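Read the structure below first, then the notes.
The values are calculated or read from the model by the stated rules, or taken from the named source; none is laboratory data. These figures come from a predicted structure and were not determined experimentally. Positions of Cβ are backbone-derived with ideal geometry, glycine not excepted, and every protein chain shown enters the neighbour counts.
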Amino acid sequence: MDTRVASKKLGLKERYAAMTRGLGWETSYQPMDKVFPYDKYEGIKIHDWDKWQDPFRLTMDAYWKYQGEKEKKLYAVIEAFAQNNGQLGVADARYVNALKLFIQGVTPLEYYAHRGFAHVGRQFTGEGARVAAQMQSIDELRHYQTETHAISHYNKYFNGMHHSNHWFDRVWYLSVPKSFFEDACTGGPFEFLTAVSFSFEYVLTNLLFVPFMSGAAHNGDMSTVTFGFSAQSDESRHMTLGIECIKFLLEQDPDNVPIVQRWIDKWFWRGYRLLTLVAMMQDYMLPKRVMSWKEAWEMYAEENGGALFKDLARYGIREPAGWKQACEGKDHISHQAWNTFYNYNAAAPFHTWIPSDEEMAWLSEKYPTTFDKYYRPRLEFFREQQQAGNRFYNKTLPMLCTTCQIPMLFTEEGDASKICYRDSDYKAYKYHFCSDHCKSIFDHEPEKYVQSWLPVHQIYQGHCFPDGTDPTAEGFDPLMAVLKYYEMEVGRDNFDFEGSEDQKNFAMWKGEAPAQGEQK
Amino acid sequence: MNIDLQAREITPLRQTYAHVAKYIGGDKAASRYQEATFGAQPMVNFHYRPTWDPNHELFDAGRSKIVLSDWYVLKDPRQFYYATWTMTRARQQDAMEANFQFVEQRGMVGKMPDGVREKALTVLMPLRHAAWGANMNNASICAYGYGTAFTAPAMFHAMDNLGVAQYLTRLGLTLGDPQCLEAGKQAWLNAPEWQGLRRLVEDSFVVQDPFELFVAQNFALDGLLYPLIYGGFVDDHVALQGGTAVAMLTSFMPEWHDESARWVDAVIKAAGAGSDANRAWLRDWTGHWMDRAQAALSPIARLALGETGETVLSDAREQLQARLAKTGIAV
Amino acid sequence: MSVVAIAPYEFTPRDVRENFPAPLLYIGWEDHLMFCAPFCLPLPPETPFGALSAAVLPGIYGYHPDFAKIDWAQAEWKKNGQPWTPDPAKSLAENGLVHKDAIRFRTPGLSGIKGSFS
Amino acid sequence: MSDVFIAFQHNEESRPVIDAIVADNPNAVLTHPTGLVKINAPGSLTIRRETIEGLTGRPYDLQAIHVNLVTLSGHIDEDDDQLTLSWKH
């Protein structure tokens, strides 16, 4: 059992040091600066890599042992789930749309994290940091693969998952997570760590995984619960890497503090914007609700983040610049996001719907100051129209924020009746933003964000049609051409849940459908 | 019966993801390896250039001189995905753990002749650093290579390299004390026998082409080092002189090398099959790096095996040439 | 401020005017957030401004019951956040609109579904 | 003083770890979000190997908590015998 009998002479810390940083050396046949070319240009000053505190000292032997155990358990569940048609056990076929969002928008991020950590796991001069990053790289590959395997079974029976990776590179709303992670991966190694390990993993990841997985549990999806919690057990190591790395940077040199503060400001806001999708999932897509986005935000961000930033104050770090706005947004963003997907559901490969009366009552109770005032009336209007055969599908492309790439759906702080518009001029062109913080991120690094592959603009530039499309041809339908480029199956992957193939199949499998099923 | 009814009605709409189907010839049942690997890497519409490498996209096949229309031909014959990799290694680790316990409980180290024990430490301790270099290089291959079929096993390999470095560390702490690690490091840094190898490893750190790095590290250097050290030295020399403990505590290494060589060869073969130009590069790289590795290992062969060292190394080179010939890369 | 990079880091913006068949114009209708976000449209610069309310906006906002009630003479306009008075007879270009300008209009007295700004 | 917390999957393997935490940290507060056991404690929280071993009667490697750990907050200090989470303010 004990993997450490061999070396009782050394304690955990010393032994781990011998197993990691003891392996490296100062190169002399090639200059160190050429061997590690990337960890200086960001301006971060490291005087002594030996001060790096290793988070969770797992050597490879222990890593293999525990991870092997986890995988054995996980795949046993995935297998049993498939054999028993576990998909029939979910609360309602609407639930599956949360999984669609997950495989489309979250799973590819695990992949990026895998490659990004391989990069920094090669590039840091300090061996301890390198090993920690490499271990995370392999964990993230694990997450990509286990999620792909667990959701594979759903993909066989439901629409909206079959082209997830193709969509990730192309579909409008998926440019939000894609640009988020590419922004991190294209930053320097220290910024990457601050972005992913600290701002995302440490400050925000609980908001992604814990509600998602508790939601899965509540809605009868044991497969997802299992991969989620199993992945989350790696996440605790990653979070620890996040906080250790921040402390290390701050303790190494006071000049690092303003750089790190700016990264925290930037990445907190980038991460918060990304989580808009999770907020919507939590409040609208789980047939059996667990907790509201607002409650989750209060529990995991306000309480926990509050404690964290109080703790970091001794280094001169304050809470992220967008903290107050993010806290104010907790009453709004899930509703605003759901409305956006309801609008553009013709171009999104998952289903939306109008919440039932009971669900609206829950939303009123959870959002007493905002739901009835701003959001219920439009939902009820949409419902009337839909019942009259006039379901709203917005077919005109929206204005996007240049930084977060989300349609400009967010409202002014303190005034939910006004869309928040911000802009900047840079070298003869104007750029637009959804918020002060997205604007400030752009203003700091305009050379970066002028490259944004904004889906709406790309469509208008003619880059999102299948090869050989002639947009000047008679009767050219741009929306259909874009959906073809997306390789979406129109009428199966998109449109309202009401009347969808998913809805019909699920009812039939559960034996709730009229007799058409018999004709097969 | 109920089951019949279900079997009739619950028909899958599809077998696998489209990005997997594309590589396995249509929508059919896909293996876990295939779903874990094919189409995993984002391919187009990258937003920003890396601030650390503005001349390339984040994932960019142009970082290598190898040109392939489909990078997913570089399959891993072991079909490793995370679960199979980690469970395979966990089993091997169980065996290693049992070996460590056996060696310690039977006092096998104490029964070893001092000369053999010291020789083992002299040869093996500096190799912790060579394995660490291999770890860095495989992390590079994963980071800058193209296509998950190629890059994912490279990261497994990097972690295996780290595992090897750590097993050597444990061996050092079992056979000797913490000072022997430091002595090994000093030899790596300063002893003349090790400088050729250290120079080679440091030169490999600055190789920019991930595929050339793959050839240099995984094929040329490790293709000679493992047979020389774990075959020629540990199994055929140390073990025969009363150092069975050393063979037990390094049993992972030759087993791992044989296993992973199948992957290395398959990747070279598939890349070479892509074009004459690929084959030409592979011919150049394998030739260049095998020559360098052989030269760098020569003093270590002598250090480990004395007069016969050179012969053992030449044999290893011959075997490696034979592996290469099977990949279709004529030298 | 400027990006920090290891080597020169300057790229042609992906959205320069030449990349589009016509300049982009962003248009938003205040207090009607049933339409989740402002719109983005490529519009030829010679388009008369008046054609917006007559020909362009009905297609994109006509679903809303308030749309038919708009008195365009009362509409209040903003351009890039600043109050602005366009001349409906002149073209977009003559009104000073260039690629990627954002305009929005408020229609006094109309505040969305049941006054909810939807 | 802010709370630190740690959460485990709610299963049989976690039980002795949780019992040990409760025994060693009188201020610990348990909650049970779906599928989880979450333990909050003001300022700091310690997991002791010896306490777990006392409860199970078997040797326990503290790193085995990784198998069922879900999330945590606070700074970590870890050695062979204990793992402590704490805030420094």
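List pairs: first residue in the stretch A:56-68 and within 19 Å of A:Leu10 (Cα to Cα), second residue of a type outside the set (Phe, Trp, Tyr) and assigned to a loop (DSSP other than H, G, I, E, B) anywhere in the structure, Cβ distance under 6 angstrom, at least six positions apart or on different chains.
If the second residue must be of a type outside the set (Phe, Trp, Tyr) and assigned to a loop (DSSP other than H, G, I, E, B), the pairs left are A:Asp61/A:Thr3; A:Ala62/A:Thr3.
State which residue pairs qualify: first residue without any contact (Cβ under 8 Å) to a residue 24 or more places away in the chain and inside the stretch A:365-387, second residue part of a helix (DSSP H, G or I) and of a type in the set (A, V, I, L, M, F, W, C) in any location, beta carbons under 7 Å apart, and separation of 6 or more residues or different chains.
A:Arg376/A:Met360; A:Pro377/C:Ile113; A:Phe381/C:Ile113
How many of the residues in the stretch A:380-410 are modelled with pLDDT of 95 or more, touching a helix residue (DSSP H, G or I) at 6+ places or on another chain (Cβ under 7 Å) and more than 7 Å from chain C (Cβ to nearest Cβ)?
Selection size over the stretch A:380-410: 11.
Take the residues of the stretch C:73-118 that are aliphatic (A, V, I, L, M) and within 13 Å of chain A (Cβ to nearest Cβ): which is surrounded by the fewest Cβ atoms within 10 Å (Cβ to Cβ)? Spell out how you get there, then give the answer.
First, the residues of the stretch C:73-118 that are aliphatic (A, V, I, L, M): C:73, C:75, C:89, C:92-93, C:97-98, C:102-103, C:110, C:113.
Filter once more, so that each one left must be within 13 Å of chain A (Cβ to nearest Cβ): C:97-98, C:102-103, C:110, C:113.
Details: C:Leu97: 22, C:Val98: 15, C:Ala102: 23, C:Ile103: 21, C:Leu110: 20, C:Ile113: 21.
Checking each candidate, the answer is C:Val98.
Among the numbered criteria (1) of a type in the set (Val, Ile, Thr); (2) outside any helix (DSSP H, G or I); (3) buried (at least 18 other Cβ atoms within 10 Å of the Cβ), which single criterion is violated by A:Thr369?
Just one mismatch for A:Thr369, condition (3).
Assess whether B:Tyr146 counts as being among the aromatic types (Phe, Trp, Tyr) and surrounded by fewer than 24 Cβ atoms within 10 Å (Cβ to Cβ).
When the stated conditions are applied, B:Tyr146 passes them.
So which helices (runs of 4 or more DSSP H) stay within the stretch A:299-356 end to end and still have 2 or more residues that are surrounded by fewer than 21 Cβ atoms within 10 Å (Cβ to Cβ)?
Passing ranges, in order: A:304-312, A:323-329.
So which residues in the stretch A:162-192 are at the interface with chain B (Cβ under 7 Å from one of its Cβ atoms) and outside any helix (DSSP H, G or I), if there are any at all?
Within the stretch A:162-192, A:His162, A:His163, A:Asp169, A:Arg170, A:Gly187, A:Gly188 qualify.
Run A:Asp54 past the list (1) assigned to a loop (DSSP other than H, G, I, E, B); (2) more than 30 Å from B:Asp94 (Cβ to Cβ) and report the number of the one that doesn't hold.
Of the numbered conditions (1) assigned to a loop (DSSP other than H, G, I, E, B); (2) more than 30 Å from B:Asp94 (Cβ to Cβ), the odd one out for A:Asp54 is (2).
Mind checking which pairs have a first residue in the stretch A:17-35 that is more than 9 Å from chain B (Cβ to nearest Cβ) and a second that is of a type in the set (Gly, Ala, Ser), Cβ under 6 Å, 6 or more apart or different chains?
From residues that are more than 9 Å from chain B (Cβ to nearest Cβ), the pairs are A:Arg21/A:Gly128.
Conditions tested, residue by residue: (1) facing chain A (nearest Cβ under 7 Å); (2) in contact (Cβ under 8 Å) with a residue 60 or more places away in the chain.
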{"position": "D:Asn27", "(1), (2)": "no, no"}
{"position": "D:His32", "(1), (2)": "no, no"}
{"position": "D:Gly35", "(1), (2)": "yes, no"}
{"position": "D:Pro42", "(1), (2)": "no, no"}
{"position": "D:Glu50", "(1), (2)": "no, no"}
{"position": "D:Gly74", "(1), (2)": "no, yes"}
{"position": "D:Asp81", "(1), (2)": "no, no"}
{"position": "D:Thr84", "(1), (2)": "no, no"}
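Within the stretch C:16-38, does at least one residue satisfy the condition of being within 30 Å of A:Gly188 (Cβ to Cβ) and assigned to a loop (DSSP other than H, G, I, E, B)?
yes
For the stretch B:12-40, name all the residues that are more than 7 Å from chain A (Cβ to nearest Cβ), within 24 Å of the chain's Cα centre (by Cα) and not hydroxyl-bearing (Ser, Thr, Tyr).
If the condition is that a residue be more than 7 Å from chain A (Cβ to nearest Cβ), within 24 Å of the chain's Cα centre (by Cα) and not hydroxyl-bearing (Ser, Thr, Tyr), then B:Gln34, B:Phe38 are the ones that fit.
Just name the residue that is farthest from the other protein chains (Cβ to nearest Cβ) out of those in the stretch A:208-226 that are aliphatic (A, V, I, L, M) and surrounded by fewer than 24 Cβ atoms within 10 Å (Cβ to Cβ).
Per the criteria, the residue is A:Met222.
Residues being in contact with a Cys (Cβ under 9 Å, 6 or more places away or on another chain) and closer than 22 Å to A:Tyr173 by Cα: count how many of those fall in the stretch A:273-306.
Number of matching residues: 3.
Residues checked against (1) over 20 Å from A:Tyr29 (Cα atoms); (2) in a helix (DSSP H, G or I); (3) more than 11 Å from the chain's Cα centre (by Cα):
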position	(1), (2), (3)
B:Tyr146	yes, no, yes
B:Asp160	yes, yes, no
B:Arg198	no, yes, yes
B:Val207	no, no, yes
B:Glu212	no, yes, yes
B:Asn218	yes, yes, no
B:Leu225	yes, yes, yes
B:Asp236	yes, yes, yes
B:Ala247	yes, yes, yes
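Could you run through the stretch A:36-52 and say how many residues are surrounded by fewer than 19 Cβ atoms within 10 Å (Cβ to Cβ) and on the phi < 0 side of the Ramachandran plot? Spell out the reasoning first.
Looking only at the stretch A:36-52, we keep the residues that are surrounded by fewer than 19 Cβ atoms within 10 Å (Cβ to Cβ), and these are A:37, A:40-41, A:43, A:45, A:47-51.
With the extra rule that they be on the phi < 0 side of the Ramachandran plot, the set shrinks to A:37, A:40-41, A:45, A:47-51.
Residues in the stretch A:36-52 being surrounded by fewer than 19 Cβ atoms within 10 Å (Cβ to Cβ) and on the phi < 0 side of the Ramachandran plot: 9 in total.
Taking the stretch D:12-33 as the region of interest, how many residues are within 20 Å of A:Leu207 (Cα to Cα) and buried (at least 18 other Cβ atoms within 10 Å of the Cβ)?
Adding up the residues that qualify gives 1.
Need the failing condition index for B:Tyr81 against (1) more than 9 Å from chain A (Cβ to nearest Cβ); (2) touching a residue at least 60 places away in the same chain (Cβ under 8 Å), just the number.
Single failed check for B:Tyr81: (1).
Would you be able to tell me the number of residues in the stretch A:113-152 that are under 30 Å from A:Ala481 (Cα atoms) and of a type outside the set (A, V, I, L, M)?
2
Got a number for residues in the stretch B:149-174 being free of Cβ contacts under 8 Å to residues at least 40 places away in the same chain and either in contact with a strand residue (DSSP E or B) (Cβ under 8 Å, 6 or more places away or on another chain) or more than 8 Å from chain A (Cβ to nearest Cβ) (or both)?
1
Quick check, is A:Thr370 within 12 Å of another protein chain (Cβ to nearest Cβ) and touching a Phe, Trp or Tyr at 6+ places or on another chain (Cβ under 9 Å)? Spell out how you get there, then give the answer.
On the way: within 12 Å of another protein chain (Cβ to nearest Cβ): yes; touching a Phe, Trp or Tyr at 6+ places or on another chain (Cβ under 9 Å): no.
Here the answer is no, as A:Thr370 does not meet what is asked.
Would you confirm whether or not the stretch A:128-141 contains a residue that is within 30 Å of D:Ala7 (Cβ to Cβ), more than 9 Å from every other protein chain (Cβ to nearest Cβ) and among the hydrophobic types (A, V, I, L, M, F, W, C)? Don't jump to the end; show me each part of the working.
So in the stretch A:128-141, the residues within 30 Å of D:Ala7 (Cβ to Cβ) come out as A:128-141.
Still in the running and more than 9 Å from every other protein chain (Cβ to nearest Cβ): A:128-129, A:132, A:136, A:140.
Next cut, among the hydrophobic types (A, V, I, L, M, F, W, C) only: A:129, A:132.
Checking the stretch A:128-141: at least one residue is within 30 Å of D:Ala7 (Cβ to Cβ), more than 9 Å from every other protein chain (Cβ to nearest Cβ) and among the hydrophobic types (A, V, I, L, M, F, W, C).
Looking at the stretch A:483-505, is at least one residue of a type in the set (S, T, N, Q), within 14 Å of chain C (Cβ to nearest Cβ) and surrounded by 15 or more Cβ atoms within 10 Å (Cβ to Cβ)? Break it down stepwise before answering.
Taking the stretch A:483-505 as the starting set, the residues that turn out to be of a type in the set (S, T, N, Q) are A:494, A:500, A:503, A:505.
Filter once more, so that each one left must be within 14 Å of chain C (Cβ to nearest Cβ): none.
No, because not a single residue in the stretch A:483-505 is of a type in the set (S, T, N, Q), within 14 Å of chain C (Cβ to nearest Cβ) and surrounded by 15 or more Cβ atoms within 10 Å (Cβ to Cβ).
If we scan the stretch D:48-68, do we find a residue that is under 25 Å from A:Gly220 (Cβ atoms) and either modelled with pLDDT of 95 or more or crowded, with 22+ Cβ neighbours inside 10 Å (or both)?
Yes, the conditions are met somewhere in the stretch D:48-68.
Among the residues of the stretch B:289-307, what is the count of those that are farther than 13 Å from B:Glu193 by Cα and free of Cβ contacts under 8 Å to residues at least 12 places away in the same chain?
Final tally of qualifying residues: 2.
Just checking, how many residues over the stretch C:27-68 are over 19 Å from A:Ser417 (Cβ atoms) and either out of contact with any strand residue (DSSP E or B) (no Cβ under 8 Å at 6 or more places or on another chain) or facing another protein chain (nearest Cβ under 8 Å) (or both)?
15
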